[in-house]
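Before any comments, here is the structure.
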Amino acid sequence: MGSPEDKAQDRGQADLQPRRPHASMSGMKILLVVNGTDFGGTEVTVSRIAVTLRKRGHDVCVLSLKRLGPVGKQIAQAGIAVSSLEMNESVALRDLVRGTAVLGQWLRRQDVDVIHSFLPRASVMSRIANRLSGARRPHIANEESTDFRRPRLVRMLNRLTAGWSERIMTVSAAVRDVLVSRDGLPSHKIVVVPIGVDLWAIDKQRETDIRTELKLAPSTAVLCAIGRLTRVKGHVYLIRALARLAPEIADVHLVLVGDGPENRRLRSEANAQGVESRVRFLGSRADAVGIMKGADVFVLPSLQEGLPVVLLEAMACSLPIVASNVGGVGELIQHGETGLLVAPAEMWNRRASLREGSPPSADEGVAALTGAVSTLLRDRRQARLLGANARRLVESSHTVEQQVTSLEQLYAALVNGSNGGASAKLTRGIEPLQQREVREVENRELASRAST
């Protein structure tokens, strides 16, 4: 009969036979490997990439290490082959070895041109499985975060196997710099490809009448934060900021979209701060963009980020933004132009705090967050201007079409074997963010002079 674990493994192998509804499509055969397909920034990014690549004539398959979630089902509904290893959350060595072996067997049976994995666990397994398969397809590993609190085994294996990837792709210059200086990843293999959003889909999304849904007055000021309820997202400080706002802005409410392990703690914090009636926990919502459109201010109080998709979505919605200046956030939000930046209320990476000096206290961080939100709620003209500027920035350089064009260039270069020469060519096509920002500042200065 076999043990439950053996049955689960057999089930996973059976489900690994991908359904290819358009096997005759022209173009490259691309495998995208992701940890899971629940709602999340990385998962949504993979979905957008897969759908856009398919529209451009490529044969795309998405492989999830964990059981398929709602995003995976949406990808399948778009006619894209989706498979699952049905792994659990465990990062124990035994589970990684078993999953990698199954993935290696699966790859031997597939006709794949390039493998693109997202996040360290998926990248480690993909690299090793790619070698086990014997075919050695070009491999690209996506690194989207600077989180140093990942499981030690995954961090070690990621560092040891990094050389087995032809390219390591990151979403921002900030993440790239950390990968080189802290993690020791090979700098010559790293390329920066900024993420993009589907403006057509965002514009098509209907606004959610969140005030009617929550039985709030039409004049209620609504703050919105979207993301998993984990400590690194800094929601506890946003709740404390709301408590400070309440005396000066009588009718202000906070809407939290997402779920996670901090849910209970955050509810307790809201009670402790006396704002339990002003904080609404909505859980995971398919209409997150619609909720954004119904809000007055979007707040990103994170203690650490790479380049969050949800921030780009808020910018695409022309929403005024207050965000912690962490990771790649400062590459998107220019203070006073496309939003307001504040120092994080807590230094997440203690080693970084030792290098950079004393971070602001939590109380100072909450005060800064409170002040920035208050500014946007009181000065609606400035809020509208910041939102409009943010939308223009997304239109100019952060659409999914631009992102996928860069990916196609990279895939083609690697598939065609121009591994060494591809780097210089791609450096021109995928411009470092700092250079682009300098050029944009120069262009604005020239335009200002011309108008005076």
Run the numbers for Asp209 and Asp177: contour at 0.36 nm per residue of separation, minus the present Cα-Cα distance, in nm. 7.4 nm
Pairs over 31 Å Cα to Cα, from Lys189/Lys293; Lys73/Lys293; Lys233/Lys293; Lys29/Lys189; Lys73/Lys233; Lys66/Lys215, come to Lys189/Lys293; Lys66/Lys215
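Gain in length, Glu395 to Arg159, computed as 0.36 nm per residue apart minus the alpha-carbon separation, to one decimal in nm? Can you show the working numbers first?
Numbers: separation 236, 0.36 × 236 = 84.96 nm, distance 3.55 nm.
Taking Glu395 through Arg159 to full extension adds about 81.4 nm, to one decimal.
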Convex hull over the alpha-carbon atoms of segment 201-397: what's its volume per residue in Å³? 114
Hz values of 3J(HN,Hα) by residue in segment 45-57 - Karplus curve (6.51, -1.76, 1.60), Gly and Pro given as x: 4, 4, 4, 5, 4, 4, 5, 5, 4, 5, 4, 8, x
A correct Stokes-Einstein calculation for segment 94-168, using the alpha-carbon Kirkwood radius, 10 °C and 1.306 mPa s, returns a whole-number D in µm² s⁻¹ of 128
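Highest mean first, what order results for 285-296, 245-256, 120-131 on Cβ atoms within 10 Å?
Ranking, from highest mean packing down: 120-131, 285-296, 245-256.
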Efficiency by 1/(1 + (r/R0)^6): what FRET value for Asp363 and Asn88, r their Cβ-Cβ distance, R0 = 41 Å, to the nearest 0.05? 0.55
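What is the gain in length, in nm to one decimal, between Glu276 and Val415 on full extension, counting 0.36 nm per residue of separation less the C-alpha to C-alpha distance?
Additional length available on full extension: 44.5 nm.
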What does the highest-first list of 46-52, 198-204, 312-318 look like by mean Cβ count within 10 Å? 312-318, 46-52, 198-204
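Report the trypsin sites (Lys or Arg not before Pro) located in segment 221-261 that are in a DSSP loop and have at most 12 other Cβ atoms inside 10 Å of their Cβ, or state none.
Here no trypsin sites (Lys or Arg not before Pro) fit, given the DSSP loop and packing criteria.
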Two-site label geometry, Ala217 and Arg131: point separation in nm, points 7 Å out along Cα→Cβ: 6.5
Highest-first arrangement of 301-310, 110-119, where packing means the average Cβ count within 10 Å: 301-310, 110-119
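None of the figures in this text is laboratory data; all of them are computed from the coordinates on show. What you see is a predicted model, and the numbers here were worked out from it, not measured in a lab. In this analysis, Cβ positions are derived from the backbone assuming ideal geometry, glycine residues included, and neighbour counts consider all displayed protein chains.
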